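Encoded as structure tokens, the structure appears first; notes follow it.
The values are calculated or read from the model by the stated rules, or taken from the named source; none is laboratory data. Remember, predicted model here, so these are calculated numbers, not experimental data. In this analysis, Cβ positions are derived from the backbone assuming ideal geometry, glycine residues included, and neighbour counts consider all displayed protein chains. Please note that ligands, DNA and RNA were not included when accessible areas were found on the heavy atoms of the full protein model with its side chains. Shrake-Rupley method; radii C 1.70, N 1.55, O 1.52, S 1.80 Å.
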Amino acid sequence: MYKLVASDLDGTLLTPEHSIAPYTKQVLEQLYQQGIHFVFATGRHHVDVASIRETVGIPAYMITSNGARVHDSDDNLVFQHNVDPEIVANLINEVKHDPTVTIHLYRDNDWLLSKMDEELARYHKDSGFNAKEFDVDNPPVDNIAKIFFIRHDHDHLLKYEHQFLSQYGEKVSVAFSTPFCLEVMGNGVSKGAALEEVARRHQLNLADCIAFGDGMNDVEMLRAAGQGLVMATAQARVKATLSDKAIIGSHADEAVARYLKAHLLDNLS
């Protein structure tokens, strides 16, 4: 019996409209009533996720910025690992001359970006978490949980992935959360490492965890958990990387909640 459930948000737990559906909320409430811990494990900012957690209405840990931040159920920051300030400055200098790429920073309680993008508002309509523009010629570089780059051209971003890994090697962690979003965190940062910390704080082992995800930023978590499950709508690269993992349904059909109901909750009754 798994005692801790970890789930990614966009493309996994949330609907295609980036909201918590009523049935999913009901299942998460039932998990809590049965003494099963839940953790939100996402690339999103902790301010954003706290609002989603409030919507669900259960105490839960939050793994955010792909593992660069962990907050407990009382919103206390219990773990953080920032990107090296020099690397942040270098990455911005390397990309700022590419007008096709938007640069984003998660810093403390702020979401900063190099140019405003109204399309992003739909991802945060429930939380109301808003971005602010920053000056790429004088950027903030301290206390950066992650820096990420968005362009709707995966091949274009792949070149940057190879470039960053070649230049900085083990000084950074690099992952695609979607094919159009390339993310850079501090060395060793991942949802998998953060999940181990959350499990420890609950006096559990990773073998006691079940996890769900759909992006390359979920790979370490899905490998680390006692059981890792991949969404049917996951990136092809994720499915190829985790070919040994079972694939469940789509987030459009609330597949995570339905799996938890059938395989955890129904076994308790």
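Structure values in brief
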{"quantity": "Whichever residue in the range 2-55 is part of a loop (DSSP other than H, G, I, E, B) and aliphatic (A, V, I, L, M) and, among such residues, is nearest to Glu183 (Cα to Cα)", "calculated": "Leu14"}
{"quantity": "Residues of the range 159-172 classified as part of a strand (DSSP E or B) and open to solvent by 20 Å² or more (accessible area, probe 1.4 Å), total", "calculated": "0"}
{"quantity": "Those residues of the range 174-208 which are open to solvent by 20 Å² or more (accessible area, probe 1.4 Å) and in a strand (DSSP E or B), in sequence order", "calculated": "Val174, Ser177, Thr178"}
{"quantity": "Ile58 within 13 Å of Asn187 (Cα to Cα), in contact with a Phe, Trp or Tyr (Cβ under 7 Å, 6 or more places away or on another chain) and either open to solvent by less than 50 Å² (accessible area, probe 1.4 Å) or part of a loop (DSSP other than H, G, I, E, B) (or both)", "calculated": "no"}
{"quantity": "Residue count for the range 62-97, restricted to those that are assigned to a loop (DSSP other than H, G, I, E, B) and without any contact (Cβ under 8 Å) to a residue 40 or more places away in the chain", "calculated": "5"}
{"quantity": "Checking Tyr2 against (1) open to solvent by less than 10 Å² (accessible area, probe 1.4 Å); (2) more than 16 Å from Met231 (Cα to Cα), the condition it does not meet", "calculated": "(1)"}
{"quantity": "Residue list for the range 120-155, filter: open to solvent by less than 40 Å² (accessible area, probe 1.4 Å) and modelled with pLDDT of 95 or more", "calculated": "Phe134, Val136, Pro139, Pro140, Val141, Ile144, Ala145, Lys146, Ile147, Phe148, Phe149, Ile150"}
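Each row is one residue, and each column tells you yes or no for (1) at pLDDT below 95; (2) basic (Lys, Arg); (3) surrounded by fewer than 19 Cβ atoms within 10 Å (Cβ to Cβ).
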| position | (1), (2), (3) |
| --- | --- |
| Asn76 | no, no, yes |
| Val83 | no, no, no |
| Val95 | no, no, no |
| Asn109 | yes, no, yes |
| Glu118 | yes, no, yes |
